[in-house]
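In what follows, a single structure is set out as structure tokens and then discussed.
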Amino acid sequence: MQAKIQLLTDLFTKWSGEVPTEIIPLPRSGSDRRYFRILGPTRTALGAYNPHFDENKAFISFSKHFWNAGILVPQVYAEDLEQHIYLIQDLGNTTLLHYKQGTQESDKPTERTLEYYKLSLAQLAFLQTKGSRGLDYSLCSPKQAFDKQSMLWDLSYFKYYFLKLSGLPFHEQDLENDFHTLADFLLEADTAYFLFRDFQARNILIHNEEPYFIDYQGGRKGARQYDVASILFQAKANLSPSLREELLDFYIKEVSKLVKTDAKKFRSYYYGYVLIRCLQVLGAYGFRGLYERKKHFLTSIPFALNNLKWLLENTKLPIALPTLLPLLKRLPDTPSIQKIIAKPKQSKNLTVTISSFSYKRGIPTDPSGNGGGHVFDCRAIHNPGRYAPYKRLTGRDIPVIQFLKTRSEIDKFLSTVYNIVERSVENYIERDFTHLMVSFGCTGGQHHSVFSADSLAKHLQKKYGVNVVLQHIEQEIKNWNN
């Protein structure tokens with residue numbers, strides 16, 4: 001880690017003429033890339049380290065091309081591809097997905113959210129067509145096009161990491177025949193455009209009230225329908241069918257302004273691309289969730305299956321898939337998948353006492369007489385209390401929450417906590433126990449621990465309906481005056 005930071009420090013200093021005052025590692029995602037927010041006296045940048053040379057070369061080249069074409073992407077400031085590092089414009093942390101989830105209280109999105117989706121689709125149409133003219137497709141990795149082999153890779157990903165792990169029996173050769181039929185059908189569509197490959201709301205950053213695209217280094221030549229399917233059927237975005245249809249109509253009108261587009265023909269292939277995208281996503285969730293047992297991906301599976309269910313019930317492809325489609329209809333009923341999508345048992349008999357505390361004062365005692373419960377140490381998480389603007393604030397204040405969500409790995413920490421505590425809660429409900437205790441400690445009982453305790457309380461109440469007794473020991477002693 002320190003070697004990477006030093007390389008980025010040197011690159012930042014060479015670019016800006018300033019020595020960084022702070023370098024903040026950002027939370028990791030599912031890839032090998034590591035991002036660092038680099039702050040200087042007057043300038044800032046996002047530093048990236050990625051050991052995959054070909055990906056970096058593609059990203060840098062595509063970024064410069066799109067930037068020059070007027071597409072909203074991060075500006076490239078500096079790069080050292082031999083050292084696998086580069087600096088780009090810091091666009092903040094608010095993705096379109098975060099914005100949607102943070103501003104929406106019902107299934108109906110806000111007008112501003114809808115506008116961001118439309119702005120993104122309009123920019124996508126331009127990127128796919130005029131904006132990608134002259135792009136160097138020889139840099140695409142691992143393939144220059146989303147061709148039949150690429151499609152079969154994705155379908156095999158679904159087969160091995162979701163279908164087989166579900167335990168559902170099937171005839172392998174018959175399924176392979178259907179995979180080939182689907183791929184051949186999809187390649188009948190016009191595939192002469194730039195395919196973003198992972199175009200979804202979490203790869204769109206809202207910066208200065210405009211949508212900026214990121215994470216397109218896996219792009220290649222392919223059909224326009226794939227990217228539209230990716231964003232409109234993104235599992236966690238959970239867009240309603242009527243909204244998806246409205247946005248699809250909008251996209252077709254926008255792209256028709258740029259290149260001649262037969263709307264009826266476009267739609268005839270569109271739901272086939274929705275199908276392959278849904279299967280690719282389930283393959284990814286299966287690998288990360290069913291195989292690697294990462295909770296975030298397990299919780300995404302029901303959303304993806306709902307998309308697939310809607311697709312099977314409301315559309316009809318102009319090709320026969322006699323093995324694949326019946327399998328997909330039976331998937332949700334398999335015991336392993338039922339275990340994931342079944343709603344957990346609710347209980348009003350169980351009380352969970354959740355506390356935040358300062359280690360200086362000591363671990364709280366258990367009022368139930370059971371001798372204690374889970375105790376989680378938050379002190380390894382990047383602490384906002386180290387910085388002057390946050391010293392008098394607590395884990396309930398918006399600036400602290402934003403700091404923890406964007407400049408620490410609190411989400412990853414809490415995901416692990418939820419996984420551990422949920423096992424106890426479910427076991428206690430099953431055995432009709434009445435009390436469980438969970439405590440979060442940090443140095444001052446003010447920032448990490450308060451936010452963590454509040455987050456767990458909301459999570460358990462929503463998921464299990466248990467009684468929660470929430471106490472912030474240090475803050476209640478201080479009367480929340482820091």
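The values are calculated or read from the model by the stated rules, or taken from the named source; none is laboratory data. Keep in mind that what you see is a predicted model, and the values were worked out from it rather than measured. As a convention, Cβ positions derive from the backbone with ideal geometry for all residues, glycine included, and neighbour counts pool all protein chains shown.
Structure notes:
- Counting the residues of the range 173-205 that are within 13 Å of Tyr273 (Cβ to Cβ), touching a Leu at 6+ places or on another chain (Cβ under 9 Å) and small (Gly, Ala, Ser) gives 1.
- Pairs where the first residue, in the range 167-178, is in a helix (DSSP H, G or I) and the second is among the hydroxyl-bearing types (Ser, Thr, Tyr), C-beta under 8 Å, 6+ apart: Asp174/Thr323; Leu175/Thr323; Asn177/Thr323; Asp178/Thr323
- The residue of the range 452-477 that is modelled with the lowest pLDDT, among those that are loosely packed, with under 15 Cβ neighbours inside 10 Å and among the charged types (D, E, K, R), is Lys462.
- Among the conditions (1) at pLDDT 95 or above; (2) assigned by TED's automatic domain parsing to the domain that holds Val228, the only one that Phe62 does not satisfy is (2).
- Test set (1) assigned by TED's automatic domain parsing to the domain that holds Lys462; (2) among the charged types (D, E, K, R); (3) part of a helix (DSSP H, G or I) - Arg361 fails condition number: (3)
- Any hit, the range 137-147, residues being among the basic types (Lys, Arg), assigned to a helix (DSSP H, G or I) and touching a helix residue (DSSP H, G or I) at 6+ places or on another chain (Cβ under 8 Å): no
- Here Pro326, Pro302, Pro322, Pro332 are screened, and the one residue that is assigned by TED's automatic domain parsing to the domain that holds Phe170, more than 23 Å from Val417 (Cβ to Cβ), at pLDDT below 95 and not hydroxyl-bearing (Ser, Thr, Tyr) is Pro332.
- Yes/no for Ala237 being under 20 Å from Gly283 (Cα atoms), at pLDDT below 95 and not assigned by TED's automatic domain parsing to the domain that holds Leu72: yes
- Test result for Leu350, under 26 Å from Lys462 (Cβ atoms), of a type in the set (A, V, I, L, M) and touching a Pro at 6+ places or on another chain (Cβ under 8 Å): no
- Cβ-Cβ under 6 Å pairs, at least 6 apart or on other chains, the range 1-27 side outside the structural domain of Glu409 (by TED's automatic domain parsing) and under 18 Å from Pro51 (Cβ atoms), far side surrounded by fewer than 17 Cβ atoms within 10 Å (Cβ to Cβ) and of a type in the set (D, E, K, R): Leu11/Asp80
- Candidates are the residues of the range 23-42 that are touching a Phe, Trp or Tyr at 6+ places or on another chain (Cβ under 8 Å) and of a type in the set (D, E, K, R); the one that is farthest from Gln2 (Cα to Cα) is Arg33.
- Extreme residue, surrounded by the fewest Cβ atoms within 10 Å (Cβ to Cβ), among residues of the range 344-390 that are β-branched (Val, Ile, Thr), under 25 Å from Asp411 (Cβ atoms) and at pLDDT below 95: Ile363
- Candidate set: the range 1-36, residues that are part of a strand (DSSP E or B) and either under 15 Å from Leu81 (Cβ atoms) or more than 19 Å from the chain's Cα centre (by Cα) (or both); chosen: the one modelled with the lowest pLDDT: Ile24
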